[in-house]
Ligand code: KIV
Ligand code: NA
């Protein structure tokens, strides 16, 4: 297996080969996910939710994304590593966007950055791309805009928002983005965007007619008991596995079963 590049993602779309993408935030999990054969590992700002316990992604800072990003690249050999630019880090000016983007790339060794938004952030997208940094777009439900939406409900149900999403997707492609994440939108809209774009679309809650799928690691491994939206498929129940393992350890400590003679020096 060769290192996955932006060129390879495009080739996969052209060959009709689906792209697998999963989040990771730390060295140990990233190295396992990479060894398992994942195409793309996303250092998502969802770290705010699953690693820190915040209700939204807004508190994440550039320094925190760099901490997680470096932890992940330390464990990855083949997957393409994408790091989210956090809330507010690409909005004040194109200069500040470029400064933050360059810092994240330099200090993490990531392969690509992901930014939420279309026409509103296109100047920053263009300026960052001009440095040679690849960018993955992110449209539909954009968690950094949660205070604008008021809820994490399905986006682009009406034709005005759907039309804007299509034009934003085309604009991101024309500007030079290497792919675009589509979050929580109707499957027919995701299909239309996927057909109209040459760059790959990667969906989460966007149905099957996209070029790839992304999930949050903690959700798909069943580490969260509470979070079960319709789009989520759980591939393991690690919550129960961990509870059982930890309780066995507690029991063995309490009963002096652990450590045994063999486990002692
Ligand atoms: O932060 C994240 O995990 C994401 C994915 C849900 C696409 O942006
Ligand atoms: Na994100």
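The values are calculated or read from the model by the stated rules, or taken from the named source; none is laboratory data. This one's a predicted model, so the numbers in the text were calculated from it and none came from an experiment. A quick note on method: Cβ atoms are made from the backbone with ideal geometry, for glycine too, and the neighbour counts reach across all protein chains shown.
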- Query: Which of the residues that make up the stretch 48-72 are within 14 Å of the chain's Cα centre (by Cα) and either over 23 Å from residue 124 (Cβ atoms) or surrounded by fewer than 19 Cβ atoms within 10 Å (Cβ to Cβ) (or both)?
  - Reply: 49, 50, 51, 72
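Report whether or not residue 63 is within 26 Å of residue 91 (Cα to Cα) and not in a helix (DSSP H, G or I).
Values: within 26 Å of residue 91 (Cα to Cα): yes; not in a helix (DSSP H, G or I): no.
For residue 63, the condition - within 26 Å of residue 91 (Cα to Cα) and not in a helix (DSSP H, G or I) - is not met.
Could you list, in sequence order, all residues of the stretch 1-11 that are in a loop (DSSP other than H, G, I, E, B) and in contact with a strand residue (DSSP E or B) (Cβ under 8 Å, 6 or more places away or on another chain)?
Those that are in a loop (DSSP other than H, G, I, E, B) and in contact with a strand residue (DSSP E or B) (Cβ under 8 Å, 6 or more places away or on another chain): 3, 4, 5.
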- For the stretch 93-124, how many residues meet the condition of being in contact with a strand residue (DSSP E or B) (Cβ under 8 Å, 6 or more places away or on another chain), part of a helix (DSSP H, G or I) and within 16 Å of ligand 2 (Cβ to nearest atom)? 3
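Within the bounds of the stretch 138-147, is there any residue that is in contact with a helix residue (DSSP H, G or I) (Cβ under 7 Å, 6 or more places away or on another chain) and within 16 Å of ligand 1 (Cβ to nearest atom)?
First, the residues of the stretch 138-147 that are in contact with a helix residue (DSSP H, G or I) (Cβ under 7 Å, 6 or more places away or on another chain): 139-140.
Now restrict to residues that are within 16 Å of ligand 1 (Cβ to nearest atom): 139-140.
Looking for residues that are in contact with a helix residue (DSSP H, G or I) (Cβ under 7 Å, 6 or more places away or on another chain) and within 16 Å of ligand 1 (Cβ to nearest atom), one finds at least one in the stretch 138-147, hence yes.
Confirm whether residue 36 is at pLDDT 95 or above and out of contact with any helix residue (DSSP H, G or I) (no Cβ under 9 Å at 6 or more places or on another chain). I'd like the intermediate steps shown before the answer.
Details: at pLDDT 95 or above: yes; out of contact with any helix residue (DSSP H, G or I) (no Cβ under 9 Å at 6 or more places or on another chain): yes.
Considered against the rule, which asks whether it is at pLDDT 95 or above and out of contact with any helix residue (DSSP H, G or I) (no Cβ under 9 Å at 6 or more places or on another chain), residue 36 comes out as yes.
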- Message: If I filter the stretch 12-35 for residues that are part of a loop (DSSP other than H, G, I, E, B), within 26 Å of residue 234 (Cα to Cα) and under 12 Å from the mean Cα position of the chain (by Cα), do I get at least one hit?
- Response: yes
- Please work out if residue 76 is surrounded by 16 or more Cβ atoms within 10 Å (Cβ to Cβ), assigned to a loop (DSSP other than H, G, I, E, B) and without any contact (Cβ under 8 Å) to a residue 60 or more places away in the chain. yes
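Here is a yes/no grid of residues against (1) closer than 30 Å to residue 122 by Cβ; (2) in contact with a helix residue (DSSP H, G or I) (Cβ under 7 Å, 6 or more places away or on another chain); (3) surrounded by fewer than 21 Cβ atoms within 10 Å (Cβ to Cβ):
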site: 180; (1), (2), (3): yes, yes, no
site: 191; (1), (2), (3): yes, no, yes
site: 209; (1), (2), (3): yes, yes, yes
site: 222; (1), (2), (3): no, yes, yes
site: 228; (1), (2), (3): no, no, yes
site: 234; (1), (2), (3): no, yes, yes
- Note on the structure: Counted residues in the stretch 206-234 being modelled with pLDDT of 95 or more and away from ligand 1 (no atom under 16 Å from the Cβ) come to 3
- Task: Hey, can you tell me all the residues within the stretch 1-32 that are under 17 Å from residue 114 (Cβ atoms) and touching a helix residue (DSSP H, G or I) at 6+ places or on another chain (Cβ under 7 Å)?
- Result: 19, 22, 23, 24, 25, 30
- Among 127, 169, 153, which is the only one that is over 15 Å from residue 6 (Cβ atoms) and touching a strand residue (DSSP E or B) at 6+ places or on another chain (Cβ under 8 Å)? 169
- So residue 164, is it at pLDDT below 95, more than 16 Å from ligand 2 (Cβ to nearest atom) and either touching a helix residue (DSSP H, G or I) at 6+ places or on another chain (Cβ under 8 Å) or more than 24 Å from residue 20 (Cα to Cα) (or both): no
- Item | Residue in the stretch 36-47 that is farthest from residue 89 (Cα to Cα), counting only those that are under 11 Å from the mean Cα position of the chain (by Cα) and either assigned to a strand (DSSP E or B) or away from ligand 2 (no atom under 16 Å from the Cβ) (or both) | 40
